[in-house]
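Right, one structure below, let's go through it.
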Amino acid sequence: MSFLPFAVAAWLFVAGLYGVVSSQNLVRTIISLTVVQSATYVLLLGIGYVNGAKAPIFADIPQVSTAVDPVVQVLVLVDIVVEATVTALLLALAVQAHKRFGSLDPHDLRALQD
Amino acid sequence: MSRGVRLALFGIAGPGLAAVLVIAFTGLPDFGAYHGIYGQVLTGIGVSVRHATDLVTALNFDIRGFDTVGEEFILFSSVVGVVLILRELRGEEEEVHQEESDEHHFAGASASLRALALGLVPSAITVGIYVVVHGQLTPGGGFQGGVILAVGPLAVFLAGRYMSMKALAPTVLVEIGESLGAAGYALVGLGGLIFVGVFFKNFIPLGIPGHILSAGQMPLASIAVGLEVSGAFLVGWTQFFDQAMIIQGGEQ
């Protein structure tokens, strides 16, 4: 089962994508999008894992220990920041869409008129 | 596009996606068999050359410190975007229902929840500061600690007192803090340019690994990022709460 973490990433991606496609509520669409993004965390951390290695924190382990790849962990940190910002912007847009159209169903959104 | 049409399109595209995933899976290396050269090199030099025991922070605030400038300004500009989208629109007005907002009916805010939430305020701020300043030693750093710091004022909101949250973290002060954090981080990089001639090259003595004042510029960069992140989250949350509690009316 050495591919299980990658399978989890793929499963999260597809499940989130289905949520986006089938959603009838913009907030649900946005939450589903965060599920899609979670797949990238699992994938990145899965790629960087080294068998038998420790976390790349040398505060209490010998300096010569094998550690998992810190580069992908930093990328996950960037990924989380981006997810937070994207979610905030989309939720703000959902708030204004609800004000304008009185509904959060993507089907009810019409072209913006001014 | 209605839900049925979307699902039908997904049904057509789904098998294609499945086929691509299956092809990708057959070519994957085994889990745990990774031998990326960058990770190995950085693991070797983290403590000896950069004097930081947490390699994730060492990468974030030193080795790829320049990339983090971009990351930081993504956060900054998205918060500006949220403020812009959630501004007061035509026909809307700010209306503070004193009795309601001061003691707003947060669903299920019982007395015990209030007591717990208020108890959380000092502990969240203490843990936040701890995580920010120990980033170069143990897991943590400005991004993680900044979010924990922002939880402090948020707990006041959870206790059912939105106006008190605004009093504890006034919007103007939070915005100034956010901007100072963003500018401070850029200034750390500029210090490298001025003192040693390269943007984001360390210019502060490295110290002894494991001590709190070690790893050169990392603690400084971490504090700047912590300030920026906690400010950004508080500005963002305040915008959403204002929408729910203060801004009234508007065109439908």
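Each value in this text was obtained by applying a stated rule to the coordinates, not by laboratory testing. It should be emphasised that the depicted structure is a prediction, and the values quoted were computed from it without experimental measurement. As a convention, Cβ positions derive from the backbone with ideal geometry for all residues, glycine included, and neighbour counts pool all protein chains shown.
I want to verify a result. In a Gaussian network model of chain B, Cα cutoff 10 Å, which of these has the top mean-square fluctuation: B:Gly207, B:Gly32, B:Gly65?
Highest fluctuation of the listed residues: B:Gly32.
Once amide H atoms are placed 1.01 Å from N in the peptide plane, what residues at a sequence separation of 5 or more from B:Gly135, or on another chain, have their amide H within under 5 Å of its amide H?
B:Gly141
Could you pull out every residue, at least 5 positions away or on a different chain, whose amide H is within less than 5 Å of the one on B:Gln217? Hs are placed 1.01 Å off N in the peptide plane, and Pro or chain starts have none.
Those qualifying (amide H under 5 Å, at least 5 residues apart or on another chain) are B:Phe203, B:Ile204.
Once both axes come from the Cα atoms, what is the angle between helix A:26-48 and the longest principal axis of chain A, in degrees from 0 to 90, rounded to 10?
Roughly 20 degrees, rounded to the nearest 10.
Would you mind telling me which residue in B:Ala18, B:Ala224, B:Ala150 has the biggest mean-square fluctuation in a Gaussian network model of chain B, where springs connect alpha carbons within a distance under 10 angstrom?
Looking only at B:Ala18, B:Ala224, B:Ala150, the largest GNM fluctuation is found for B:Ala18.
Treat every Asp and Glu Cβ in segment B:153-252 as -1 and every Lys and Arg Cβ as +1, leave all other atoms uncharged, and give the resulting dipole magnitude about the Cα centre to the nearest 20 debye.
280 debye
Applying the Karplus parametrisation 6.51 cos²θ - 1.76 cosθ + 1.60 with θ = phi - 60° to the phi angles of segment A:91-96, what ³J(HN,Hα) value in whole Hz is obtained for each residue in order, glycine and proline being reported as x?
Coupling constants for segment A:91-96: 5, 4, 5, 5, 4, 5 Hz.
What is chain A's relative contact order, in percent, from Cα pairs under 8 angstrom and six or more apart in sequence?
This gives 26 percent for chain A.
Could you name the lysines in cross-link range of B:Lys166, using Cα to Cα under 26 Å and dropping any fewer than eight places away on the same chain?
A:Lys99
Does the protein assembly as shown come out rounded, prolate or oblate by the C-alpha gyration tensor, with a ≥ b ≥ c the root eigenvalues, rounded set by a/c under 1.5 and, if not, prolate when a/b is larger than b/c and oblate if not?
oblate
Can you list residues from other chains, or at least 5 along the same chain, whose modelled amide H is less than 5 Å from the amide H of A:Ala67?
The answer is A:Lys54.
Which listed residue (B:Thr138, B:Val188, B:Met245) has the Cα farthest towards the positive end of the charge dipole for chain B, taking +1 on Lys and Arg C-beta and -1 on Asp and Glu C-beta about the Cα centre?
Looking along the dipole axis, the top candidate is B:Thr138.
Which value, in debye to the nearest 20, describes the size of the charge dipole of chain A about its Cα centre when Lys and Arg Cβ atoms bear +1, Asp and Glu Cβ atoms bear -1, and nothing else is charged?
My answer is approximately 200 debye.
State log₁₀ I(q)/I(0) for segment B:101-252 at q = 0.21 Å⁻¹ as given by the Debye formula over alpha-carbon point scatterers of equal weight, solvent excluded.
Debye curve over Cα of segment B:101-252, log10 I(q)/I(0) at q = 0.21 Å⁻¹: -1.22.
Per residue of segment B:229-242, in order, report the coupling 6.51 cos²θ - 1.76 cosθ + 1.60 (Karplus, θ = phi - 60°) as ³J(HN,Hα) in whole Hz, putting x for Gly and Pro.
Here the 3J(HN,Hα) series is 5, 5, x, 4, 5, 5, 4, x, 4, 4, 4, 5, 5, 4 Hz.
Please give the charge dipole size of segment B:53-249, origin at the Cα centre, charges +1 on K and R Cβ atoms and -1 on D and E Cβ atoms. Round to the nearest 20 debye.
So the dipole magnitude of segment B:53-249 works out to roughly 680 debye.
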